[in-house]
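The values are calculated or read from the model by the stated rules, or taken from the named source; none is laboratory data. Fair warning: this is a prediction, and the values are worked out from it, not measured in the lab. So basically every Cβ, Gly included, is an ideal-geometry build from the backbone, and we count neighbours across all protein chains shown. Remember, those area values only see protein heavy atoms, side chains included, never the ligands or the DNA or RNA. Shrake-Rupley method; radii C 1.70, N 1.55, O 1.52, S 1.80 Å.
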Amino acid sequence: MVALSKIDVELAITKIHFKPEEWLDLIEIILMNPTEGLDSIKAAQQLMQVKVVPLLEDAAAWQLVLWWAGDDSLSFNSFLQEMQDTFKERYKFDDWKTIFDQVFEASCEGTAVKVVRAAMTEHGVLNPPSVADLSSQASSSA
């Protein structure tokens with residue numbers, strides 16, 4: 001039981017909630033074959049780290065930026081709080097500052113959403129329109 005308490009404390013430090021019933025199978029594997037169990041944990045950790053997309057390439061973050069850019073009733077402070085609450089330590093204001101500045105500038109001209117979509121394309125989140133799409137848009141507007 002002392003070992004479980006130690007695990008609970010170590011997980012709490014990393015802000016992971018310890019539920020013994022979810023961890024007992026894993027603990028049993030580690031106790032039965034420590035090397036294999038620890039190697040499995042390391043492999044799972046590496047997979048998790050690989051799957052984390054940089055926030056500037058995360059479509060969910062950009063959807064929030066689009067919402068802010070297109071909704072005059074959403075204040076900048078509320079938007080920033082939402083970014084922090086949603087993306088926690090992944091969100092770094094300085095990474096987004098240039099984009100926010102561009103949105104503020106474009107909002108005076110009513111082109112904020114267009115600026116966000118261009119930035120999304122630049123960061124690989126939104127596919128640029130193909131030449132065929134552009135020509136069909138031009139012919140339909142003529």
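Table for the structure above
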| read-out | value |
| --- | --- |
| Pair list, Cβ < 8 Å and 6+ apart or interchain, from the stretch 70-91 residues that are within 14 Å of Val103 (Cα to Cα) to residues that are among the aromatic types (Phe, Trp, Tyr) | Leu74/Trp67; Leu74/Trp68; Phe76/Trp68; Phe76/Phe100; Phe79/Trp67; Phe79/Trp68; Leu80/Phe93 |
| Residue under evaluation Thr98, criteria (1) surrounded by fewer than 11 Cβ atoms within 10 Å (Cβ to Cβ); (2) at pLDDT 95 or above; (3) farther than 25 Å from Pro128 by Cβ, criterion not met | (3) |
| Of all residues making up the stretch 57-115, the number that are in contact with a helix residue (DSSP H, G or I) (Cβ under 7 Å, 6 or more places away or on another chain), part of a loop (DSSP other than H, G, I, E, B) and more than 20 Å from Leu126 (Cα to Cα) | 1 |
| Any hit, the stretch 46-66, residues being at pLDDT 90 or above and open to solvent by 70 Å² or more (accessible area, probe 1.4 Å) | yes |
| Residue among Glu21, Glu10, Glu28 that is at pLDDT below 70 and in a helix (DSSP H, G or I) | Glu10 |
